[in-house]
Every structure is written in structure tokens, then in C-alpha cells.
1. Of all residues being β-branched (V, I, T) and within 15 Å of Q74 (Cα to Cα) in the stretch 86-104, which is surrounded by the most Cβ atoms within 10 Å (Cβ to Cβ)? Just the residue, please.
2. Report those helices (runs of 4 or more DSSP H) wholly inside the stretch 25-131 carrying at least 2 residues which are among the hydroxyl-bearing types (S, T, Y).
3. If I ask for residues that are among the hydroxyl-bearing types (S, T, Y) and either touching a His at 6+ places or on another chain (Cβ under 6 Å) or farther than 16 Å from L51 by Cβ (or both), which ones from the stretch 89-123 would you list?
4. Which condition breaks for I70 when tested against (1) farther than 20 Å from Y10 by Cβ; (2) surrounded by 15 or more Cβ atoms within 10 Å (Cβ to Cβ)?
5. Could you please find all residues in the stretch 10-40 being touching a Gly at 6+ places or on another chain (Cβ under 8 Å) and closer than 24 Å to K108 by Cβ?
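Each reported figure results from applying straightforward, stated rules to the coordinates on display, with no laboratory input. Nothing here was measured: the structure is a model prediction, and the numbers come from that model. Every residue, glycine among them, receives a Cβ derived from its backbone with ideal geometry; neighbour counts consider all protein chains shown.
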Amino acid sequence: MSLKSKGISYERELIHMFWKTGNWAAIRVAGSGNTQYPSVDIIAGNVLRKLAIECKSSKSSSIYIPKPDIEALQTFSKLFHAEPWIAVRFHKTPWHFISLENIETTEKNIAINKNNIKTKGLLFNELIDKF
């Protein structure tokens, strides 16, 4: 399975999680990142909230997200009036959701570390019950 196929599979897993709650809807944005316009991987929402989500997964202990991906997330979220979130899934761990205020920045990338994800991120149920 290619890296792209694995990423799509993880995104679909997350979409199913939203739908299974019974009060959230979610869609995957096919081709996100391959357009001239800012886009995100998943849009999810219910009556009260809209989320714009950039998804990343990795077998290693760190994930580096290029700053242009974060800028696209910020721009799209602002225009769509959605909350921007980064969804991260490390190998054999549950999804964690990180707000943009809780990310570490390097010169070229955003760094997310497996060791501190639990203190900076929310689990799925914590995210959907946040308000």
C-alpha cells in the first residue's frame, strides 16, 4: 500500500468516527493540497460547530508539517468560519487533535512529537465534547 493510500485510509477512518457519533457529519476533500486554493483534508460539523482538519499520520515519533499546509488550513478555516485542527495519528495510537495555538514551529515546518501529544492534544471524544 502506498503512502498516499495509507493517508486516505486514515482520513476515511476519521470520517467514519465522526459519522458514528450520530450527530456529526464529515467529508474528505479529495485532492486537498493539489489545488491553487487553500484546502483541508476533512470538513466536519454539526449544528453548533464546523471543523477544518488537516490530517497527518506516521510510524516515526515526530511529524513535520510544511508551513504552507498550516497557512492553507488557517486561510480556509477563516474563510469558512471553521475551527482549524490538526489531526495526528502515530502508529498504534488513537487520533489526537491539536489546535494551532499548541504547535511547535521550526524554521520551515511545524513539529508534532509523539511524546508530548497527550499534553498538547485532545482525543476524539474530547474534541467532539469540547463545547
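1. Among those residues, the one meeting the criterion is I86.
2. 67-80
3. Residues satisfying the conditions are T93, T105, T106, T119.
4. If we test I70 against (1) farther than 20 Å from Y10 by Cβ; (2) surrounded by 15 or more Cβ atoms within 10 Å (Cβ to Cβ), just (1) comes out false.
5. Residue satisfying the conditions is S39 alone.
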